[in-house]
Every structure is written in C-alpha cells, then in structure tokens.
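Below is one structure, written out as structure tokens; the observations come after it.
The values are calculated or read from the model by the stated rules, or taken from the named source; none is laboratory data. It should be emphasised that the depicted structure is a prediction, and the values quoted were computed from it without experimental measurement. In this analysis, Cβ positions are derived from the backbone assuming ideal geometry, glycine residues included, and neighbour counts consider all displayed protein chains. Side chains included, ligands, DNA and RNA excluded: accessible areas come from the protein's heavy atoms. Shrake-Rupley method; radii C 1.70, N 1.55, O 1.52, S 1.80 Å.
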Amino acid sequence: VHDDSNGQLLPAQAMALQPARDGSHYAAKLSGAGFTDWGAQMGVSLRAPATAYDASGSYGVRFLAKGSGKGWSLLISDRASVPQGGMCDASAWGNESSCYRFVGQRFDVGADWQEVVVRFDDLKLMLNPESPRGLDKTALYDIIFNFYSAEGEAFELLVDDLSFIKETEGECL
C-alpha cells in the first residue's frame, strides 16, 4: 500500500535470488519513489482471517534485509492499533484513540544482506515516541515494513527469513 502523493510503486513481489542465499531462493521485494505523505508499505498478516497472534513467548523479531533509502521502519500492529483488536476507534483520526497508531522502530539497509533484530521492548509509538504505549505481544496482527521520505526519495527493500525470536533462544536482556 502507499499514500496518495504522486509516487510510483512497483508491485511487491517474491524476487528470485540469483544466486540463492544460504538455501533461500526468494526474498520479498518492495521498491518505488515519490511518496511524500506517509510513504509506502509491505507487510504480512500473522493470521488469516485477521485474528490475534499470541507472541508472548517471544522477545522480538529478526529478519535479513538489503536495499536502499534512509527512511525505513518496522511497524507491528497489536490489539490497540487495528479495528479488529476492539480497542481503537476506526472512525477517529489523529487522536490517541484512533486506529493505525503503530509501534515500531527505524532501521537502516545497505547493499549487502544484514541481520536486523528488533526487540519488542524497544518499540515506540511512531506518531508519538514519548508515549508510554508499548506493544501488547499477546495480540499481534501485522508486521509492516514502511518507507517514508518527505523528499520522495527512491527506495528498495528485500526482506528474507522474517522470524520471531523465542525467549528460549538466548539472552533476552
């Protein structure tokens, strides 16, 4: 999805990796330019139909990424940020009770594959980073890769091996 500014977005796709990367043959790809309102997004719903996914046994997510552009953030929706969660007001816009107020964290990409680790405890409300609201990891809905540039900068993102980091997989602190 993307904002209504004059940008161009190539359809998100499963891009064949030539050569394959550590046994992985495809990565999700999003690319475009010219979006200046809130940007462009590619995401995954954790359950279909849209019901809550309990990630309470996890302390974060990890993924491999490469690409271009300086405006990337990972957003995660929970029961407080989507209408199906029953806590936000889908008809309101721009106030604390409105829907689509995601928690997230910025990340950088480069020309080479890199692992990105995002701890749930580090996620902040993107529209108000000073807010105490964090992620309710007992009711997740979507994981979204968002690109925003006020100047409409060109962007490309390849994502592979998105996974939850389980509490049992090592140090959580």
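Here are the numbers:
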read-out	value
Filtered residues of region 119-130 (kept if open to solvent by 20 Å² or more (accessible area, probe 1.4 Å) and either assigned to a loop (DSSP other than H, G, I, E, B) or in contact with a Ser or Thr (Cβ under 6 Å, 6 or more places away or on another chain) (or both))	M126, L127, N128, P129, E130
Hits in region 82-97 (condition: of a type outside the set (A, V, I, L, M, F, W, C) and touching a residue at least 40 places away in the same chain (Cβ under 8 Å))	Q84, G85
Inter-residue pairs, beta-carbon under 8 Å, first free of Cβ contacts under 8 Å to residues at least 60 places away in the same chain and in region 29-45, second buried (at least 18 other Cβ atoms within 10 Å of the Cβ) and in a strand (DSSP E or B), 6+ apart	none
Strands (runs of 3 or more DSSP E) contained entirely in region 1-118, each with at least 1 residues that are open to solvent by 50 Å² or more (accessible area, probe 1.4 Å) and at pLDDT 95 or above	8-21, 24-33, 40-45, 58-68, 103-106
First in region 149-173 and exposed (fewer than 15 other Cβ atoms within 10 Å of the Cβ) and at pLDDT 95 or above, second anywhere and of a type in the set (D, E) and part of a strand (DSSP E or B), Cβ under 8 Å, 6 or more apart	none
